[in-house]
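K.L.:
Attaching a single structure in structure tokens format; questions to follow.
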Amino acid sequence: MSWSPDEATLDAFRHLALQNAIEYEGKAAPGSVIGRLMGSRADLRPHGQIISPLIAKAVADANAMAATDGLDALRSILENEAPHLLEKREKKERRIGLPELTNAEKGKVVLRFAPNPNGPLSFGHARGIVINGEYAKEWEGELILRFDDTDTVVKPPLPHAYQQIPEEAAWLLGYTPHRIVIASDQIPHYYHHAEQMLKDGFGYVCRCSGEEFKVFRVDKTECPCRPNDADLNMDLWSKMLDGTFKPGDAVVRVKTDMTLKNPALRDWPALRMQDTANHPHPRKSIGSKYRVWPLLDFQSAVEDQLQGVTHIIRGKDLMDSTRKQKLLYEHFGWTYPETMYWGRVKVHEWGGFSTSQMRRDIEAGLFTGWDDPRLPTLSALKRRGITADALRAFWIELGVTQKDISVPLSALFSHNTKQIDDDAPRLSFIRSPQKFKLTGNHPQSVEVDVHPNHPKMGQRLFELNQPNIWIEAEDAVKGDLRLKGFVDVSLTAETADVQSIERQDQRPIVHWLSEKQSTPATLIVARDGEIMEFVGQMEAHTYPEGTMVQLERIGYGRVLDSTTILFSHS
């Protein structure tokens, strides 16, 4: 039998239409009314096709009444039939920046950012630092920097990353993380909790091979190790610790339910053995000290509890990790932190760079180091002149949404331009320079603002008593040109004949350089995975290394030395 609204429901439609017409001065909108209705009446959501035309009619009637009888007539009806709808609805102020943090209390929020130190931080890592760091600052809480360094084989830690990552995090945050935790220092704590699992019966030592257990997981049946009693589990655990067992011989599993709908949650592994004799931990204090290591889901869950983490903000690809960890928390009787997720962000110009792959490529000599300007690492971006403020603004603007996003790198560059433009002096750099002798009547020198918007930054002096100038070969073929801020010229093979000091027509305006104020220079550009070097003539300057400049008609660059500029972005 098809559904149809009763009299009370039809009255609700009419009342909401009248309310909307009052709020929008006789211009009620069906979509607005339907949205409000469905938000308050979940029982009506399955009947949208029937309800939509009824709402449209109620809205049309309300607007017609407002037009003929005025808004007071609509108010009179609601006063008699639904006075609660006349109460002013509180309009939520639009929140700028990140969404509200659920169940947060000032001064008691604890968040964490947990990279694997198998390399320095990348552009992708910046999201975790910025989002968690901004919330920690907003709620006067703490941000923990935690090194998840419990994999010595697949993702072995890089020793210098333990120093570089905190430095990069502080640069990006604008403050130093409140605590630093290194997971490899916490192994005794993980052992303690593993033993509690085994003794209390919600964990067990499994001797099945990976392939054997996969069959049990798919078939939703228990493996023969699951019924082990506590004494047997502790005996097997001792054999894992003392080296009787070898890597692959045994793992510790968390008991869940082998019939759970999600296969990944069925008796998931918590600790396994690693060959630290042949693959010692690179931290000398750890080395080959431990044979049994926690897997990330177990290690992270225990560490979050130990450190009092209140909120976890991470990628939606880790939702299964949350589900696993919640099952573990239930066993221990702990309360799981509030959790938020974000979707993937893909940058058009960057492919699938991973820290592990970048490390292999650097070691193979494909890149010069972690700060190679072709790489999406924080050290490379910083070297190119991307500011911490720009990175923060970029990630805050994208916010925390589970929607996958694809953005161009220009979105980051736009934020960076806002940060650097006011302080960036202008310089001329002539690529593929072509020399011309300036002929005709012209001033013997010309002064141009160092910055067009800030005269107080001073003037750039171009002397022309030696009347040779440089123009880019690409511009020279145009013939008639306007030398920016100077004169109109007509080019011949070797001369630039001055035609007018004042601009006379719409000829192209080009940048130029006097020979006297120029020096041979190099512009380094990282583009499409390649490093290109443009050798040309640059305006002589004394700006120190690290100064951000704007090369006229080219873009922003970072001074490496007096004759070398690393291109940043347009």
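K.L.:
Tell me the angle of helix 71-81 to the major Cα principal axis of the chain, expressed in degrees between 0 and 90 and rounded to the nearest ten.
P.N.:
10 degrees
K.L.:
Then there's this: If one puts a single equal scatterer on every Cα of segment 383-503 and applies the Debye formula without solvent, what log₁₀ I(q)/I(0) results at q = 0.22 Å⁻¹?
P.N.:
Relative scattering, expressed as log10 I(q)/I(0), comes to -1.21.
K.L.:
I've got another one for you. What does the convex hull of the Cα atoms come to per residue for segment 348-448, in Å³?
P.N.:
Convex hull volume per residue, Cα atoms: 177 Å³.
K.L.:
If you don't mind, there's one more thing I want to ask. If you build the convex hull over the alpha carbons only and average its shadow over all orientations, what do you get for segment 274-328? Give it in nm² to one decimal.
P.N.:
For segment 274-328, the mean projected area of the Cα convex hull comes to 5.1 nm².
K.L.:
How much length is gained on full extension from Ala73 to Leu409, taking 0.36 nm per residue of separation minus their Cα-Cα distance?
P.N.:
The Ala73-Leu409 span can extend by a further 115.4 nm.
K.L.:
Starting from the 7 Å offset along Cα-to-Cβ, what nm value, one decimal, do you get for the label separation of Asp423 and Ala230?
P.N.:
The modelled label-to-label distance comes out at 6.2 nm.
K.L.:
Sticking with this structure for a sec: Neighbouring Cβ atoms within 10 Å as the yardstick, rank Ile430, Ile131 fewest first.
P.N.:
Ile131, Ile430
K.L.:
Per DSSP helix of 4 or more residues, -39500 (n - 2.57); summed, then divided by the residues of the chain. What does that give at 222 nm, rounded to the nearest 500?
P.N.:
-10500 deg cm²/dmol, from helical runs alone.
K.L.:
Mind checking which lysines have their Cα closer than 20 Å to the Cα of Lys478? Skip sequence neighbours fewer than 8 apart in that chain.
P.N.:
Hits, sequence-local ones excluded: Lys435, Lys437.
K.L.:
What do the square roots of 5 times the Cα gyration tensor eigenvalues come to for segment 78-230, in whole Å, largest first, as semi-axes of the equivalent ellipsoid?
P.N.:
Over the Cα atoms of segment 78-230, the ellipsoid semi-axes are 42, 30, 16 Å.
K.L.:
Using the number of other C-beta atoms within 10 angstrom as an exposure proxy, rank Ile312, Ile165, Ile509 with the fewest first.
P.N.:
In increasing order of surrounding Cβ atoms, one gets Ile509, Ile312, Ile165.
K.L.:
If you put +1 on each Lys and Arg Cβ and -1 on each Asp and Glu Cβ, how big is the dipole of segment 187-294 around its Cα centre, in Debye rounded to 20?
P.N.:
440 debye
K.L.:
Could you list Arg374, Arg360 in order of exposure, starting from the residue whose Cβ has the fewest other Cβ atoms within 10 Å?
P.N.:
Fewest-to-most ranking of Arg374, Arg360: Arg360, Arg374.
K.L.:
Counting other C-beta atoms within 10 Å, and keeping those with at most 13, which DSSP coil trypsin sites (Lys or Arg not before Pro) do you find in segment 234-321?
P.N.:
Loop-located and lightly packed - Lys261, Lys284, Lys289.
K.L.:
Over segment 425-570, what per residue volume does the convex hull of the Cα atoms give, in whole Å³?
P.N.:
Once divided by residue count, the hull of segment 425-570 is 117 Å³.
K.L.:
Say each of Leu260 and Thr522 gets a label point 7 Å from the Cα, pointing the same way as Cα to Cβ; how far apart are those two points in nm?
P.N.:
Label-label distance for Leu260 and Thr522, simple model: 5.7 nm.
K.L.:
Determine, at each q value in 0.15, 0.18 (inverse angstroms), the log₁₀ of I(q)/I(0) that the Debye formula gives when each Cα of segment 188-289 is one equal point scatterer.
P.N.:
-0.63, -0.87
K.L.:
Just the Cα atoms of segment 7-86, one point each, no solvent: what log10 I(q)/I(0) does Debye give at q = 0.17, 0.20, 0.21 Å⁻¹?
P.N.:
Relative scattering, expressed as log10 I(q)/I(0), comes to -0.58, -0.80, -0.88.
K.L.:
Next question. Check each of the trypsin sites (Lys or Arg not before Pro) in segment 379-480 and keep only those in coil by DSSP with at most 15 other C-beta atoms within 10 angstrom; list them in order.
P.N.:
Passing sites in segment 379-480 are Lys403, Lys478.
K.L.:
Sticking with this one: Restricting to Cα pairs below 8 Å that are 6+ residues apart, what does the relative contact order work out to for the chain? Please round to a whole percent.
P.N.:
Averaging sequence separation for qualifying contacts and normalising by length gives 10 percent for the chain.
K.L.:
Which distance in nm do the two modelled labels at Glu81 and Ser432 give, with both placed 7 Å along the Cα-to-Cβ direction?
P.N.:
Placing both labels 7 Å along Cα→Cβ, they lie 7.6 nm apart.
K.L.:
Same structure, new question: Could you work out how far helix 319-332 tilts from the main Cα principal axis of the chain, as a 0 to 90 degree angle to the nearest 10?
P.N.:
In the chain, helix 319-332 runs at an angle near 40 degrees to the longest axis.
K.L.:
By how many degrees, between 0 and 90 and to the nearest 10, does the Cα long axis of helix 187-200 differ from the longest principal axis of the chain?
P.N.:
Here the helix axis deviates by roughly 30 degrees.
K.L.:
Can you list, largest first and rounded to whole Å, the semi-axes you get for the chain by taking the square root of 5 times each eigenvalue of its Cα gyration tensor?
P.N.:
57, 45, 19
No lab work stands behind these numbers, since they all come straight from the coordinates. Note that the structure is predicted; figures quoted are calculated from it, not measured. Positions of Cβ are backbone-derived with ideal geometry, glycine not excepted, and every protein chain shown enters the neighbour counts.
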